[in-house]
Amino acid sequence: RKEVEQDPGPFNVPEGATVAFNCTYSNSASQSFFWYRQDCRKEPKLLMSVYSSGNEDGRFTAQLNRASQYISLLIRDSKLSDSATYLCVVTPRGYNFNKFYFGSGTKLNVKP
Amino acid sequence: DVKVTQSSRYLVKRTGEKVFLECVQDMDHENMFWYRQDPGLGLRLIYFSYDVKMKEKGDIPEGYSVSREKKERFSLILESASTNQTSMYLCASSPLAGANEKLFFGSGTQLSVL
């Protein structure tokens, strides 16, 4: 079983739509959670960390559900520039170095 | 801002050549990583290092080696390049492990082995 699983999509949505992605993780002792954004042929860049209490950054909201072992990303009022692949990243507890597990990404296409 | 610099953006090599991919970070991070990314497979960890001269195998170390002689520099070596090593290679760094320590990536090297 993969450490982190995501729906690969693509999610095709019109501008202005609200879209949500989920990501499940297998290790219940996972410690830290992130969403990264990756544009075509570019490196992944941190979009936001995911905190236990949930967090919001402008149009983006991330939530963590430890009981069901998933994290979510909600994008409101989608823009064309939101088109990208969104990677879910999880780190396990118990190491003296960070080991990052990546999902294979969810592709989002925002259309005019 | 953290800067992670990879020496080449695009590289074309022949089968059997020895290939060096260099990565330098400027934020005094302890941890450095090499990933490869292939369509449909996502990012896969090749090797990582948590200190100078220390290295640990990732999920797909076969055919690769690494070197970390200085804290800021982490090199990936393909001893004898093969066509199945054609891929995007991403270097990353992060501070010493703690809650919510993030990964910072270089811009990647697209390697083609002919």
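The values are calculated or read from the model by the stated rules, or taken from the named source; none is laboratory data. Small disclaimer: the values here were computed from a predicted structure and weren't measured. Quick reminder, even Gly has a Cβ in these numbers, built from the backbone with ideal geometry, and neighbours come from all protein chains shown.
Which numbered condition trips up A:VAL50, out of (1) surrounded by fewer than 19 Cβ atoms within 10 Å (Cβ to Cβ); (2) within 15 Å of the chain's Cα centre (by Cα)?
(1)
So, A:TYR86, is that one within 14 Å of chain B (Cβ to nearest Cβ) and modelled with pLDDT of 95 or more or not?
yes
For the range A:41-75, which positions are over 15 Å from A:TYR101 (Cα atoms), touching a residue at least 12 places away in the same chain (Cβ under 8 Å) and within 11 Å of chain B (Cβ to nearest Cβ)?
Hits for the range A:41-75 are A:LEU47, A:MET48, A:TYR51, A:SER52.
So B:LYS18 passes all but one of these: (1) touching a Leu at 6+ places or on another chain (Cβ under 6 Å); (2) away from every other protein chain (no Cβ under 11 Å). Which condition number does it fail?
(1)
Among the residues of the range B:1-47 satisfying the criterion of being among the hydroxyl-bearing types (Ser, Thr, Tyr) and closer than 21 Å to B:ILE60 by Cα, which is surrounded by the fewest Cβ atoms within 10 Å (Cβ to Cβ)? Show your work before the answer.
Taking the range B:1-47 as the starting set, the residues that turn out to be among the hydroxyl-bearing types (Ser, Thr, Tyr) are B:5, B:7-8, B:10, B:15, B:35, B:47.
Next, only the ones that are closer than 21 Å to B:ILE60 by Cα stay: B:15, B:35, B:47.
On the way: B:THR15: 11, B:TYR35: 28, B:TYR47: 23.
Applying the filter and picking the extreme gives B:THR15.
Out of all the residues in the range B:74-94, which are of a type outside the set (Val, Ile, Thr) and surrounded by fewer than 16 Cβ atoms within 10 Å (Cβ to Cβ)?
B:GLU79, B:SER80, B:SER82, B:ASN84
Can you name the residue in the range B:48-68 that is hydrophobic (A, V, I, L, M, F, W, C) and within 14 Å of the chain's Cα centre (by Cα) and, of all such residues, is surrounded by the most Cβ atoms within 10 Å (Cβ to Cβ)?
B:PHE48
Would you mind stating whether B:LYS71 is of a type in the set (Lys, Arg), within 11 Å of chain A (Cβ to nearest Cβ) and more than 11 Å from the chain's Cα centre (by Cα)?
Taking the combined requirement at face value, the residue does not satisfy it.
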